[in-house]
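The values are calculated or read from the model by the stated rules, or taken from the named source; none is laboratory data. The model shown is predicted, which means the values in this text are computed figures rather than measured ones. Cβ placement follows ideal geometry from the backbone for every residue including glycine, while neighbour counts extend to all protein chains displayed.
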Amino acid sequence: MITLNEETEDKAEKAFVIAGINGDIGREFATRLQDYGKVFGISRKKDRLDGIIYEHIACDLLQPKLVQEMFSQLGPFKDMTYIHLPGRFQFQDENHPIKDRNGDGIDDDIFRTNVETFRNVIPYLFNDLLACPTTTLKLVAIGSASDLYAIPYWHSFTHSKNELRRDFRAMYGNPSTYGRVGSLFINVSTTEGRQLSGERPYISKQYLLTPKEIVDQSMPYMLDKKPACVEVTILKPNPDFEKEDFLKPEEIRKRWYRDMYG
């Protein structure tokens, strides 16, 4: 694992492609990674971020034709890190019903924004690897520390993140490109930002992570050149985790209703 003050080789040939750059974590990654290579930021919005050196790409990753057009103008690069950050989250219970048109028990929009957005880019990432036998790729995504538990109130989100994990492992272990693909799944506890402010406006901020803390702790893994399949968890420990009933569904529901509605 390389250290953050180590000189990065071939900076001109190293690209960081951040899907979801306009989010809080995406902006923080872009701010940090501009010192290590060329940053490309993907967003459905055309508005670019101020104060960051990067190339802005307006693209809806749910539109396969737009994804194809984007990759026809992007790369290939000798060394690419693709950071996948899109994805909706929703608390789900009888008062917060999901949209499940196909009857699989999973919210359609949560699955599409978290998983289909990535599956639409897989063919192009894989084609770049096949086209140049010296190309390397690292895949990065954000998950939740709670994905380890069967929490019923965000089952759709956890299911979607587990599908992403499976896709990451499949790309890492593909025999055609093995040894040139690495993956990093960063599981985080509750994180400050615009999304949380909309979801849970009354939450106490005492034990929340900040996007900067997530990036600070994940950078050594991000810059590690070993083609490994790695999963890490970053959290700010809450003493209440030690309570026997902390993860009981009825207690989770009470906390979330208090955080959502005061």
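Scan the stretch 14-38 residue by residue and report those that are assigned to a strand (DSSP E or B) and touching a Gly at 6+ places or on another chain (Cβ under 9 Å).
Applying the first criterion (assigned to a strand (DSSP E or B)) to the stretch 14-38 yields 14-19, 38.
Within the stretch 14-38, 14, 15, 16, 17, 18, 19 meet the criteria.
Which one is modelled with the highest pLDDT among residues in the stretch 44-100 that are aromatic (Phe, Trp, Tyr) and under 21 Å from residue 32 (Cβ atoms)?
Step one: of the stretch 44-100, the residues aromatic (Phe, Trp, Tyr) are 54, 71, 77, 82, 89, 91.
Those still in the list that are under 21 Å from residue 32 (Cβ atoms) too: 54, 77, 82.
Values: 54: 95, 77: 88, 82: 98.
It comes out as 82.
Can you find even one residue in the stretch 130-144 that is assigned to a helix (DSSP H, G or I) and surrounded by fewer than 16 Cβ atoms within 10 Å (Cβ to Cβ)?
Residues of the stretch 130-144 that are assigned to a helix (DSSP H, G or I), as a first pass: 130-131.
Still in the list and also surrounded by fewer than 16 Cβ atoms within 10 Å (Cβ to Cβ): 130-131.
There is at least one residue in the stretch 130-144 that is assigned to a helix (DSSP H, G or I) and surrounded by fewer than 16 Cβ atoms within 10 Å (Cβ to Cβ).
For the stretch 80-104, the set of residues classified as crowded, with 16+ Cβ neighbours inside 10 Å and under 19 Å from the mean Cα position of the chain (by Cα) consists of 80, 81, 82, 83, 84, 85, 86, 87, 89, 90, 91, listed by residue number.
Of the residues that sit in the stretch 184-209 and are touching a helix residue (DSSP H, G or I) at 6+ places or on another chain (Cβ under 8 Å) and part of a helix (DSSP H, G or I), which one is farthest from residue 26 (Cα to Cα)? Among them, the one singled out is 199.
Residues that are part of a strand (DSSP E or B), of a type in the set (Asp, Glu) and either free of Cβ contacts under 8 Å to residues at least 40 places away in the same chain or over 25 Å from residue 212 (Cα atoms) (or both): does the stretch 55-64 have at least one? Yes, the stretch 55-64 contains a residue that is part of a strand (DSSP E or B), of a type in the set (Asp, Glu) and either free of Cβ contacts under 8 Å to residues at least 40 places away in the same chain or over 25 Å from residue 212 (Cα atoms) (or both).
When only residues in the stretch 213-251 that are aromatic (Phe, Trp, Tyr) and loosely packed, with under 15 Cβ neighbours inside 10 Å count, which is nearest to residue 137 (Cα to Cα)?
The initial filter retains those residues of the stretch 213-251 that are aromatic (Phe, Trp, Tyr), namely 221, 241, 246.
Checking which are loosely packed, with under 15 Cβ neighbours inside 10 Å leaves us with 241, 246.
Details: 241: 36, 246: 39 Å.
In this case the residue turns out to be 241.
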